[in-house]
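Shown next, in structure tokens, is the structure this report addresses.
The values are calculated or read from the model by the stated rules, or taken from the named source; none is laboratory data. What you are looking at is a predicted structure, and each value in this text was computed from that prediction instead of being measured. Backbone-built Cβ (ideal geometry, glycine too); neighbour counts: all protein chains shown.
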Amino acid sequence: MTNKKPDPVSAAIHGANFYTPERFSSHDSVGFLMKRVMLALVTDVDRQLEAHGLTHAQWTPLFLLRQGRVNTLAELSRELQLDAGALTRTLDRLEAKGLCTRERSTQDRRVVHLALTEEGLAASAHVPKVLCETLNAFLSGFSHDEWQTLLDFLRRMAHNAELVREVSGGPHDVHQSKA
């Protein structure tokens, strides 16, 4: 008898057996609960950042640019899992406010480089503080170990979601054509 770990791709195909249609309740749905938490989080952060003239659609790209996690429209679109066209409209507003710049690559005209302006750096400086305050409030009563366990669980779920997407043959990002 071997204690062989299940293949992650096989596990993604077959999944767990925690939910059944006969007993399904939104009160116990991981997806429903995560969505409620996420909506409450975004609402609270938006409320606080409104004083700085930023909406969720605006502070999110600014924050990712500030962190250096993205520097092109395509990277931003992948990271946010949003259509490049929708992001272009958001970037139009951010550029009109003087918070970021766009520059087409001289090597590849399809690539649009993004950068924060001084005003964008100043506006996005408020985001980490607000996020920390809100997340800490939402984690009230959790121990450090519980917080780490929650992060581990969520990372595992995110990894499983990627495996499911790969196995299902769905697009790996929002840019792949459906031809």
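Observations on the model:
- Residue tally, condition assigned to a loop (DSSP other than H, G, I, E, B) and under 24 Å from H56 (Cα atoms), over region 123-164: 3
- Within region 136-169, the set of residues being surrounded by 11 or more Cβ atoms within 10 Å (Cβ to Cβ), closer than 26 Å to L76 by Cβ and either modelled with pLDDT under 85 or more than 15 Å from the chain's Cα centre (by Cα) (or both) comprises F138, N160, L163, V164, R165, E166.
- Residue count for region 110-124, restricted to those that are without any contact (Cβ under 8 Å) to a residue 40 or more places away in the chain and under 12 Å from L73 (Cβ atoms): 2
- Being over 17 Å from A123 (Cα atoms), without any contact (Cβ under 8 Å) to a residue 60 or more places away in the chain, surrounded by 14 or more Cβ atoms within 10 Å (Cβ to Cβ) and not basic (K, R) is not true of T43.
- Test for T60: is it among the β-branched types (V, I, T) and over 17 Å from A125 (Cβ atoms): no
- Summed over region 53-78, residues that are of a type outside the set (F, W, Y), in a helix (DSSP H, G or I), crowded, with 16+ Cβ neighbours inside 10 Å and in contact with a helix residue (DSSP H, G or I) (Cβ under 8 Å, 6 or more places away or on another chain) total 12.
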